[in-house]
Amino acid sequence: MAAAPSGPSAPVPGGASPGAVAVWEWQDEFGKWRPYQGSVCSYIEQSFQASQQKGKRLGPGPANSSIPLGHADAMLAPYVIDISSLMQFRQDTGTMRAVRRHLFPQDSAAGQGVIWEWQNDEGGWSPYEMNVSVFLEQAYSSGHQHVDLGPLGYNYDINLISQVQTNKTTLYRRSIQRRLDTPYPVTAATGPLHTSMACSCQQCLLNSGTGPITTRYRHSINLPSSSAVPQVSSRTTAVSSSGLGFVPYNKPALSGSRSTPRLNTHGAWALPQPASMGGPSTGGPSAGQPVSNGVSVPNLPVVMPKSSKVNQALAASTEPELVVRKYLEELQDAPPDEDCIICMEKLASPSGYSDAYECKTIRPETVGRLAKCQHTFHLLCVLAMYTNGNKDGSLQCPSCKAIYGEKTGTQPKGKMEVSTFPRSLPGHEDCGTIKIVYHISRGIQGPEHPNPGMPYTARGFPRYCYLPDNEKGKKVLELLKVAWKRRLIFTVGTSSTTGESNTVVWNEIHHKTEMDSNLSGHGYPDPNYLDNVLAELAAQGVTEDCLRP
C-alpha cells in the first residue's frame, strides 16, 4: 500500500476542508511521546482513515485495524499498530507501546515539517514531543531568544539562538537543533486542535491549566500475572509496563466535582463518559468509546486486584512499613489543603491506593511528612511506591527527588576497569588522562528490570570513557566507582538512538566517550563537564560524604 500524500496540497479524507494535520506518536518506557516521521504518519493516517470507513460500511463488529509499519519504512518491519487498542506491537520481541493521534493546525511546525530535536547520550538526535516542537517553533518564529519549558512539564530552559537546552536543576547542557522533514499529513479537522499553550482540545482541558503537557508523576504498579479481568473501581491505578517507578500523568482540573479521567488498557487518559454514550459510566468492558481525537478505544479502567502478590508480600513482612516510618513523621494535625502527588487525591481524603493496597498498621487517611524536605504524602501511597521499587531501604521524594538512605539502581552485572596514561585532554593540558572501561554482556532481565525473564542486549560494549587526571577528575572517578557499586551508571531500557527495547542504556550520569573533539557533545574540551557530572551524581545520592570513612 502506498503512503498517503502529505503537505499543504494533500487532499483531505472524505472531502472535508483542509486545516489540520495528524501526528501519530508512540510512548517510550519513560512515558514520553515520540513522533513517527512525517512519511510514516502519512501511511498510518491513510490506513487509519481506511479502517474507519470500512468500519462504518460493515457496521458493529471488529474490522481489520492492523497497520504494518514496514510498508512505510523497511526499518520498521517488526512493528504493527493495532488501531482498535491504540497499541504498537513489536513482533520479534512482543514489546507493546501505546500510540496516540493528535491534530495540529496546518500552519504549525507539524504542518510545515519542522522538527525540533535534542542530542542524546549516544550522540544521535531525538525529537521532542510534537506539542513541544510546535511550541518551540512558535517562539522561534516570533523572534524569542529564550524559552522556559516548565509550563509544558519539562525542567529545561531553551536558548533558541545558541540552540542549547539547559537543565534548570543540574545546569547540564545539551545541544538542540531545528530541521526540516516531510510535513505531516493533512486530514479532516474533527475537533479542537492543539494550537498553543492555551490549547482548548479535550485532552488538554484535563490538565491543570498551565499548558498542554502539565506533567505530574504518579507511581506505577505492575499488574500480577493473571488472565483474570481486573475489577472495575472508582479509582484508577496508573499502569506502566516499564516498571521504572513513575509515569507522566496529567492532573485533571475539571469544574464541579473531582471527576477523574480513566486510564484505558493501552495507557491513555480518556474523559469520563456518561452512560448515554454507549457504556456504563464506570468504564465497563465495552469498547468503542470516543476520546478527544475521534479514535475509538476501550474504556476499561485497570486496577490492582485485592489478591495481588504485592498485598501478599505486605501482609507477610513489615519491613516496607518500617522503611516508610523511618523517613516520614506522621502528622497529628489536619493535613494541608493540597494534593498527594503520588495518588493525586486530596491529602484530607483517603489514599488513592487504598483500593489496591492493604496494610493493617497504616490507615488510608494517614498522612506523613518527609524529615529533610518537608514534603507531605499519604503514608499508604509512599508504602505503595516503595514496595513497587527496588526495596533497597532508601526512599526518594517524588516531589523534589531528595534521597533518604542509600539509593541503588538496576544496572546489570559487569566490570569497571580504570587506568591512566600521560596524554592530555583538550582543555586539560596540565595533566594526563584517566581511562574508564565498562564491560557488560547480554543476559536475562531480573525482577527489577522492565521485562523480567526476557533477554537484554548490551550494544557497544566495552565502552571507553575519559576524565582528566587532576584533583577534580580523580574525585569524579571515586564517585563513579561508588555509583558503579550501587548499580546506578547503566540500566535496562530503550535506546534513545535506535529505539531498541530491552537493552543496556546509560542512566542519567553523563560520560565523555571521546577525547579529541566535542562536536558530538561527548568529548573535550568542555569546561562545565566535571561540575555537571558531580551534580548528576549528587542527584543520585552519590556525594563526597560517600568517600568519607
Kindly provide the set of residues from the range 394-427 that are in contact with a Leu (Cβ under 8 Å, 6 or more places away or on another chain) and in a loop (DSSP other than H, G, I, E, B), ordered by number.
-> 397, 402, 405, 407, 408, 409, 411
Within the range 146-162, work out how many residues are surrounded by fewer than 16 Cβ atoms within 10 Å (Cβ to Cβ) and under 14 Å from residue 178 (Cβ atoms).
-> 3
Lone unmet requirement of (1) of a type in the set (Ser, Thr, Tyr); (2) without any contact (Cβ under 8 Å) to a residue 24 or more places away in the chain; (3) closer than 22 Å to residue 28 by Cα for residue 175 = (2)
Within the range 32-52, restricting to residues that are under 22 Å from residue 125 (Cα atoms) and open to solvent by 10 Å² or more (accessible area, probe 1.4 Å), the one that is modelled with the lowest pLDDT is 32
In the range 491-549, which residues are farther than 29 Å from residue 162 by Cα, among the acidic types (Asp, Glu) and not in a loop (DSSP other than H, G, I, E, B)?
-> 544, 545
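Restricting the range 453-490 to residues that are in a helix (DSSP H, G or I) and small (Gly, Ala, Ser), which is farthest from residue 439 (Cα to Cα)?
Going through the range 453-490, the residues in a helix (DSSP H, G or I) turn out to be 471-485.
Filter again for small (Gly, Ala, Ser), leaving 473, 483.
Working: 473: 21, 483: 15 Å.
Across the range 453-490, the extreme among qualifying residues is 473.
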Can you tell me which of 432, 460 is in contact with a Lys or Arg (Cβ under 7 Å, 6 or more places away or on another chain) and open to solvent by less than 70 Å² (accessible area, probe 1.4 Å)?
-> 432
Taking the range 481-540 and keeping only residues that are open to solvent by 50 Å² or more (accessible area, probe 1.4 Å), β-branched (Val, Ile, Thr) and within 19 Å of the chain's Cα centre (by Cα), one is left with 497, 498
Search the range 448-477 for residues that are farther than 15 Å from residue 411 by Cα and of a type in the set (Ser, Thr, Tyr) and pair each with any residue that is open to solvent by less than 30 Å² (accessible area, probe 1.4 Å) and assigned to a strand (DSSP E or B) when their beta-carbon atoms are under 6 Å apart and the residues are at least 6 apart or on different chains.
-> 464/437; 466/433
Among what's in the range 157-178 and is over 16 Å from residue 521 (Cα atoms) and touching an Asp or Glu at 6+ places or on another chain (Cβ under 8 Å), pick the residue that is modelled with the lowest pLDDT.
-> 170
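The values are calculated or read from the model by the stated rules, or taken from the named source; none is laboratory data. What you see is a predicted model; the values in this text were computed from it and never measured. Glycine also receives a Cβ, built like all others from the backbone with ideal geometry; neighbour counts cover every protein chain displayed. These accessible areas exclude ligands, DNA and RNA; they are computed on the full protein's heavy atoms, side chains included. Shrake-Rupley method; radii C 1.70, N 1.55, O 1.52, S 1.80 Å.
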